[in-house]
Structures are given as C-alpha cells and as structure tokens.
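The values are calculated or read from the model by the stated rules, or taken from the named source; none is laboratory data. Not measured: the values here are computed from a predicted model. Note that each Cβ is placed from the backbone with ideal geometry, even for glycine, and that neighbours are counted across all protein chains shown. Areas reflect the complete protein model, heavy atoms only, side chains present, ligands, DNA and RNA absent. Shrake-Rupley method; radii C 1.70, N 1.55, O 1.52, S 1.80 Å.
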Amino acid sequence: MHYNTLDWQIDNRVLTLTLKRPEQLNAFTVEMADELEAAYKRASDDDGVGAIVVTGAGRAFCAGMDLSTGGNVFGLNESLNPTLAEQEAMWDDPAYVNGVRDTGGRVSLAVFECKKPIIGAINGAAVGIGATMTLPMDVRLASDKARIGFVFGKIGVVPEACSTWFLPRIVGLQQAMDWVYSADILTAEQALAGRLVKAVVPHEQLLDEAHKLAHKYIDHRSPVSIALMRQMLLRNHAMPHPRDAHAIESLGMFYTSKQDGKEGVASFNEKRLPAYTGRASSDMPGFYPWW
C-alpha cells in the first residue's frame, strides 16, 4: 500500500510509522488523517506487526493542523448544521464522516481499537493534533528536544482527537485543564513531570529506546493475550462497576487458558521460552469484540 504522508517500515515485528511531511514540520492534513486511520487498521490485523512506534520525519513530530490549506482548514462541511442526534444517526454516512466528524478523532478511534501496543516517539514539536494524536497510544517517549502544546484556545477552537477523554485519564483533571486553558508549550521535562510521557531520552537515542521498549512488550508474548490485555485496560477502567471488568476478565482468562495459556504454563514448568501459535488476526476468542 502506498502512502503520501507516511512511511511504513517493519523490522523484526516492530512497525515504525513515520509522519512524512518534513518540509511542513509534518503538519496534519485530511489526507494524513485518512492514511493514518487506514494504517492503524491495517497493522491491527497484520500478524507481521507485533507493536507500532510512531514518530516524525525531520525535526518535528507534528506541528499541528496545516492551517495554510484555505477554506475550512479542518476539512469540515460548513453547509451542514448537525445536531448531536443527527450526528449519531448519520455516524457512518460518508457526508458526516468526512464533513462533520473531526479528522483527529477518527485517527484516535483507530488507535483505540488497534490490537497492537503503540509507542509514541515524540522527536520534536508536537502541538495541537500533534499532541492529541499521541494520547490514545499506550506509552509516549519524548526526545529532549520535544516540545508539546495543547494550543487550541489560541486559535479559538476546542481540543479534538478524543483528547478530552484521554488527557484527564493520563495526567489528571487539574493538570489537563491547566494545560488546555494556558496553551503553554511544554518542554519534555515538563511533560514528564506532568506524567504525560514515560521518559525523556537523548534525541539521538529516541528511536532505539522506543524499539527496545516495543520488544520488551512483545518478545515471547502471546499476540492474542497482548490484544486482549490492551483492550481490557483501555475499556474496563471506564466501566461503572468492577463487576463489569470481572465479567470480561473471566472470559479472557477462560479462553486464553485453553489456548496459548497452555503453552505458557508448559514453558514455565519446562524452563524454556514459550512458542505461542495464536494469531491476533484470526484466533481471538469468540466473545471479542465485546463492546
């Protein structure tokens, strides 16, 4: 598959997905949104991909929406006047998908639904959608040259890309409100102090560290177990009662214990590395997806 705004490279089961508009500091466009959404869906069912590392080409991660395109720069159809009820009813209608639903949100939902761990390797400026697109990722690593900002208030719009759901869950409500209201550009160290990123690493080591972390997550692990655990953690924490999580965990344990779990127990008892055969593309248990 050919991409105009992305680079897709797989090395030893780790997909490096690179935003590739370096002359524009990888500024986000509708085309990039469409390609990212398709790439995450492709990677989710590609058994050659164990984990995904997302980074930017050149000196920026993503400098936000490309504001030089003219018209409605967010790609929205200003002739429509949707209500919440109409948007729900027309959710999958192409006119609403392309003319009402925010492009970053479509990308974030593709990240959310992906079966593979996703690591953001923030190599430079990440502002606006450049910051919010990283929030559904499992972990964010920042180069010591990274700068991150939730700058929507400065241009009179609102946070998007499902960020008002993700950001408070990652950093807490007070910190999220402060960052969104102030629209400050954060240093990598400030992002670390606010618990937005897992670690700050020297710029030259960023991709190596991201790949090491990816292998820590997926080497000698069951792809089916990883896919289930990712969705359980993302979804169960928002359920209203622990009994709801118990119901999902019970089925997850029941089916994995009959499948790759048998190999995991055998390898432990025999003091050897496991050889899992389950595939996330075709061997997910019947209750998946449960939502």
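DSSP loop trypsin sites (Lys or Arg not before Pro) in segment 236-284 with at most 11 other Cβ atoms within 10 Å of their Cβ, which ones? Kindly include the intermediate steps, with their values, before the conclusion.
Details: sites: R243, K258, K262, K271, R272, R279; in loops: K271, R272, R279.
Hits after loop and neighbour filter: K271, R272.
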Please work out, to two decimal places, the log10 of the ratio I(q)/I(0) at q = 0.19, 0.28 Å⁻¹ from a Debye calculation in which every Cα of segment 48-116 carries one identical scatterer.
-> -0.94, -1.26
Anchor K271: aspartates and glutamates whose Cα lies under 13 Å away (excluding residues fewer than 8 positions away in-chain) | E263
Averaged over all directions, how much area does the convex hull of the C-alpha atoms of segment 158-286 cover when projected, in nm²?
-> 11.3
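So, with a 1.4 angstrom probe, what is the percent of accessible area on the chain that is carbon and sulfur?
On the way: 8000 of 14550 Å².
Roughly 55 percent, rounded to a whole number.
May I ask you to work out the translational diffusion coefficient for segment 77-160 at 37 °C, viscosity 0.692 mPa s, via Stokes-Einstein with Rh from the Kirkwood sum over Cα pairs, reported in whole µm²/s?
Numbers: Rh = 14.6 Å.
My calculation gives 225 µm²/s for D.
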Alpha carbon centroid spacing (whole Å) that separates segment 225-244 from segment 8-60 = 26
Under a no-solvent Debye model with one identical scatterer per Cα of segment 1-135, what's log10 I(q)/I(0) at q = 0.11, 0.12, 0.22 Å⁻¹?
-> -0.40, -0.48, -1.34
Would you mind pulling out the separation of the Cα centroids of segment 146-224 and segment 84-109, in Å?
-> 25
Scan the chain and hand back the longest stretch that contains none of the GluC sites (Glu not before Pro) lying in DSSP loops with at most 14 other Cβ atoms within 10 Å.
-> 79-269
If you look at just the Cα atoms of segment 23-71, how large are its Rg and its Dmax in Å?
-> 13.1, 41
Send over the semi-axes of the chain's equivalent ellipsoid, whole angstrom and largest first, taken as the square roots of 5 times the C-alpha gyration tensor eigenvalues.
-> 32, 23, 19
Directionally averaged projected area (convex hull, Cα atoms, segment 198-237), nm² | 3.6
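Please sort by residue number the trypsin sites (Lys or Arg not before Pro) in segment 65-162 whose DSSP state is loop and whose Cβ has at most 15 other Cβ atoms within 10 Å.
Details: sites: R101, R106, K115, R140, K145, R147, K154; in loops: R101, K115, K145.
For trypsin sites (Lys or Arg not before Pro) across segment 65-162 that sit outside H, G, I, E and B with at most 15 neighbouring Cβ atoms in 10 Å, the list is empty.
Taking the solvent-accessible surface of protein heavy atoms with a 1.4 Å probe, what is the per residue accessible area of segment 8-51 in Å²?
Numbers: 1820 Å² over 44 residues.
Value returned for segment 8-51: 41 Å² of accessible area per residue.
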